[in-house]
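No value in this document is a laboratory result; all are computed from the given coordinates. Everything numeric here is computed off the predicted structure, so don't read it as measured data. Because the Cβ atoms are built from the backbone with ideal geometry, glycine has one as well, and the counts that use them run over all protein chains shown.
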């Protein structure tokens, strides 16, 4: 069988559409073939399996995005001022995500929805793909932040990076909520403004103290002490 690049693209687009609206588990190879106007054998030929198809979707979107992130990160780490460097590092992570979500065909925005759906689904296959695609890049950013904020434990940086990821997803997937809740004073579709707000919020989050060093936190998070057993009335009477 001769590989047909047009059919390959049709299959990728069909799978991306279905995964973003119905999730990974609910979509079959037959569903994808029907949407793409292909036969199931074409999917097996081009991608081996549904897992391989999802991996290829991630690669075609995230390869360029991760490449751009690393390029910007390299430049950011050369900034001398610590405050400016931290802001540049965060911006290097955030900005390419918005660029990849705004391609003319709409595939970037659709892929952002797909990522949100995949994360919510908690599928083991999806987890392995996300680790393969993102972990190296994410670790590079965590290490750059560690060097800029050496007093902050890595665990705190990981937590706060995770919060950024959640905010990034929701900002890209549901911008109209910003417009509605601000009563029209803010435009949730204004990507330049969204980038600035995310960068400012994340930098402030990273600069906040480590919660484990705040007064009272250790006591609040410790396991509660067991109360002493209460004596019943008969025991109390016999003790008198």
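I need the per residue convex hull volume for the range 61-208, using only the alpha carbons, in cubic angstrom as a whole number.
118
For the residues 99, 182, 13, what sequence is obtained by ranking on other C-beta atoms within 10 Å, fewest first?
182, 99, 13
Quantify how much of the Cα-Cα distance distribution of the range 1-98 extends past 15 Å, in percent.
Value for the range 1-98: 65 percent of Cα pairs lie more than 15 Å apart.
Ranked from highest to lowest mean number of other Cβ atoms within 10 Å per residue, what is the order of the peptides 40-46, 85-91?
Order by mean packing, descending: 85-91, 40-46.
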